[in-house]
Amino acid sequence: MTFLDKHKDEIAEILSRYPVKRSALIPLLYVAQHDQGYVSESAMQEIARLLGLTPPQVYETVTFYTMFNLKPVGKFHIQVCKSLMCALIGSDTMIGWIKTKLGIAPGESTADGLFTLSAVECLAACGTGPMMQINEDYYERVTEDKLDHILADLRSTGTSALKSGPFMWPEPVNSKE
Amino acid sequence: MPQHELILLKNMMQPGYTGSLQDYEKAGGYQALRNTLGKIAPADVTAIVRKSGLRGRGGAGFPTGVKWGFLPKDYQGPRYLCCNADESEPGTFKDRQLMERDPHQVLEGILLACYAIGAESAYIYIRGEMVLGSKILEQAIREARTGGYIGKNILGTGIHADVWVHRGAGAYICGEETALLESLEGKRGLPRIKPPFPATHGLYNKPTVVNNVETLANLPHIMNRGAEWFAAIGSPPKSTGTRVFCVSGHVKRPGNYEVPMGVTVRELVYEHAGGMRSDKPLKAFIPGGASAPFLTPAHLDVKLDFEHVATAGSMLGSGGVTVMEEGTSMVWAALRLMEFFYHESCGKCSPCREGSSWLVQTLRRILAKRGRMQDLETLLDLCKNIAGRTVCAFGDAEVAPIQSTLKHWRQEYVDLIHEAEAANLIRPEPARTT
């Protein structure tokens, strides 16, 4: 079954949002990436056919945006912000911790295919750095101890309670969450 | 610490406030929409917003009511509103808080703007990484639809407006309004040549307004409390209202602080953000996101409003205030920001595409103590040939870190080059063969 058939309802809903089909391209690429972990060539061709585009039109769009993976990545894609604001408060140190703990440098994956590390530009969490995004979740104000917990949680349960909730910083004085 | 009245962050600061429709209504939410739709003419809403002096909170600071006024009056086809939630300017993290903690405040603003400009469709273009934010907004849209605030025949007025969340996919340039529109059309996010402006030829070539999240979030309050009330806050007449400043870097309490425009950097950094994190004094700060030139301790009493920051040689931009302590290498800081711009240059215009790469390479060489004195001239020459020579403002932004650090801390560059010379680390010029 093609991924378009598999996600028929979701795709129909996406298409209904736009008066021009091509606008659904990025949302559909997300569906494809969610399905397979990356955007495969066959998915791009299916999407092109559905939207009445040529495959190069899809390809040129996919390659413009950094969030689409054209190759499979680890089960947990760790993206550490390396922009100035996080660098001022220790993002390089944090990348060093991850290198030591997982034995991978930015751009590399662990041999078991569990983790991929990337150093990325600003993720809009400059007040709560150093920070990283793992798959869809943000982890902020990361310390070495917190990092250990997060990695252990991910290995054992696939998720971690240390991820960020709805953002507010600083927290209001009287509310202890 | 001076206490200021909160407008945008007021609800979310209440203990137990979840941002649900119920909580928002309890706090007086959607009253502005009820009192405006069908009761005040759209043109009058635009007039009220213009009179309030509200200016765009995304970076450029263009007066919102004036922007709306550019839409053709007699155009019969569809019009669009785009909420720019592509918050990507390094140092800025306010929209994320506004969307994740009080999404209905943003939605009410969107609906008011839709009414004022006659749009029946609005897209929230949110940066792709903010998955949580997009889920929270989608949930809020479902609630508002059920509550009768979004969809067909809103509150029985016969007015329609639909709102959708559209996730970007990791390109800074899509915060530029025409690149945002290209991206929303499913293309590469390359800025368009202007004119024509989005007001006449925007999304799908139709009249379109693009407004920032924080700008829109102000609208319910302006409609509830009046243009005069808003216009009296801050630094009238040109910088009215509050700003949610995002303080980051070497301060004790980084975070979002909503203060009236016109408070000094000193107050923001030392009172609200708790001052420097250690006993090292402040060395430098950026007042308005990565695109804003660096300023020095001599500028601590500059008022944070559009005009005063511009006079000081920088810009208020997105409200991202980044503080650096003594001991921070300014060449390193400039390089870090330059690497960002190099990575994010969309590649459309050659001065920016090629220039950003050259700037990064030259800075790396200087920082690696392999620079030579001519490099400083090269840097400035490159900057001069990038700024103002590109389709969008990215070109002006990317030269800001280098030009401003060279202006205020030139000696740091010179010292690194002297070290290189002393250690004889510079490779000699290759001999010319012809």
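The values are calculated or read from the model by the stated rules, or taken from the named source; none is laboratory data. Source: prediction; values computed, not measured. Counting neighbours? That spans all protein chains shown, and the Cβs are built from the backbone with ideal geometry, glycine included.
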Considering only helices (runs of 4 or more DSSP H) fully contained in the stretch B:1-117, which possess at least 1 residues that are away from chain A (no Cβ under 14 Å) and within 18 Å of residue B:164 (Cα to Cα)?
B:21-26, B:103-117
Is it the case, given these coordinates, that residue A:56 is in contact with a Phe, Trp or Tyr (Cβ under 9 Å, 6 or more places away or on another chain), free of Cβ contacts under 8 Å to residues at least 12 places away in the same chain and loosely packed, with under 13 Cβ neighbours inside 10 Å?
no
Sort through B:284, B:290 and tell me the only one that's under 20 Å from the mean Cα position of the chain (by Cα) and within 21 Å of residue A:129 (Cβ to Cβ).
B:290
Of (1) over 18 Å from residue B:404 (Cα atoms); (2) touching a helix residue (DSSP H, G or I) at 6+ places or on another chain (Cβ under 6 Å); (3) assigned to a helix (DSSP H, G or I); (4) of a type outside the set (Ser, Thr, Tyr), residue B:360 satisfies all except one. Which?
(1)
Looking at residue B:125, is it closer than 24 Å to residue A:167 by Cβ and touching a strand residue (DSSP E or B) at 6+ places or on another chain (Cβ under 7 Å)?
yes
Options B:219, B:203; residue that is crowded, with 17+ Cβ neighbours inside 10 Å and within 14 Å of chain A (Cβ to nearest Cβ)
B:203
State whether the residues of the stretch B:234-244 include one that is touching a His at 6+ places or on another chain (Cβ under 9 Å), in the same structural domain as residue B:166 (by TED's automatic domain parsing) and buried (at least 24 other Cβ atoms within 10 Å of the Cβ).
no
Name the single residue, out of those in the stretch A:109-123 being away from chain B (no Cβ under 14 Å) and surrounded by 15 or more Cβ atoms within 10 Å (Cβ to Cβ), that is nearest to residue B:246 (Cα to Cα).
A:117
Considering the stretch B:173-193 alone, what residues qualify as being over 17 Å from the mean Cα position of the chain (by Cα), in a loop (DSSP other than H, G, I, E, B) and in contact (Cβ under 8 Å) with a residue 60 or more places away in the chain?
B:188, B:189, B:190, B:192, B:193
Restricted to the stretch A:71-88, and to residues that are within 12 Å of another protein chain (Cβ to nearest Cβ) and among the hydrophobic types (A, V, I, L, M, F, W, C), which residue is farthest from the chain's Cα centre (by Cα)?
A:88
Checking residue B:389 against (1) in contact (Cβ under 8 Å) with a residue 40 or more places away in the chain; (2) within 13 Å of chain A (Cβ to nearest Cβ); (3) basic (Lys, Arg), only one condition comes out false. Which one?
(2)
Is it the case that the stretch A:89-107 has a residue that's touching a residue at least 40 places away in the same chain (Cβ under 8 Å), within 14 Å of another protein chain (Cβ to nearest Cβ), surrounded by fewer than 19 Cβ atoms within 10 Å (Cβ to Cβ) and closer than 24 Å to residue B:343 by Cβ?
yes
Scan the stretch A:13-65 residue by residue and report those that are of a type in the set (Ser, Thr, Tyr) and not in a helix (DSSP H, G or I).
A:16, A:18, A:38, A:40, A:54, A:65
Out of B:298, B:284, which single residue is aliphatic (A, V, I, L, M), within 13 Å of chain A (Cβ to nearest Cβ) and either under 28 Å from residue B:342 (Cα atoms) or not in a strand (DSSP E or B) (or both)?
B:284
Restricting to the stretch B:138-172, give me the number of residues that are within 14 Å of chain A (Cβ to nearest Cβ), hydrophobic (A, V, I, L, M, F, W, C), crowded, with 24+ Cβ neighbours inside 10 Å and assigned to a helix (DSSP H, G or I).
1
Of the residues in the stretch B:377-395, those that are surrounded by fewer than 18 Cβ atoms within 10 Å (Cβ to Cβ) and either out of contact with any Gly (no Cβ under 9 Å at 6 or more places or on another chain) or not in a loop (DSSP other than H, G, I, E, B) (or both) number 6
Here are some residues: B:354, B:339, B:325. Which one is out of contact with any helix residue (DSSP H, G or I) (no Cβ under 7 Å at 6 or more places or on another chain) and crowded, with 18+ Cβ neighbours inside 10 Å?
B:325
Considering the stretch B:118-135, residues that are surrounded by fewer than 22 Cβ atoms within 10 Å (Cβ to Cβ) and of a type in the set (A, V, I, L, M), and then whichever is nearest to the other protein chains (Cβ to nearest Cβ), we arrive at B:131
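This table checks each residue for (1) touching a residue at least 12 places away in the same chain (Cβ under 8 Å); (2) farther than 16 Å from residue B:113 by Cβ; (3) not assigned by TED's automatic domain parsing to the domain that holds residue B:102.
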| residue | (1), (2), (3) |
| --- | --- |
| B:14 | yes, yes, no |
| B:18 | no, yes, no |
| B:24 | yes, yes, no |
| B:28 | yes, yes, no |
| B:35 | yes, no, no |
| B:50 | yes, no, no |
| B:54 | yes, no, no |
| B:58 | yes, no, no |
Kindly indicate whether residue A:16 is under 25 Å from residue B:202 (Cβ atoms) and out of contact with any Lys or Arg (no Cβ under 6 Å at 6 or more places or on another chain).
yes
Among the residues listed as B:39, B:51, B:26, the single one being at pLDDT 95 or above and crowded, with 16+ Cβ neighbours inside 10 Å
B:51
What number goes with the only condition from (1) without any contact (Cβ under 8 Å) to a residue 60 or more places away in the chain; (2) crowded, with 22+ Cβ neighbours inside 10 Å; (3) over 24 Å from residue B:229 (Cα atoms) that residue B:290 does not pass?
(1)
Taking residue B:279 and the conditions (1) touching a strand residue (DSSP E or B) at 6+ places or on another chain (Cβ under 8 Å); (2) at pLDDT below 95, which numbered condition does it fall short on, given that it satisfies the others?
(1)
Please determine, by comparing only the residues of the stretch A:124-177 that are touching a residue at least 40 places away in the same chain (Cβ under 8 Å), of a type in the set (A, V, I, L, M) and more than 9 Å from chain B (Cβ to nearest Cβ), which one is nearest to residue A:76 (Cα to Cα).
A:134
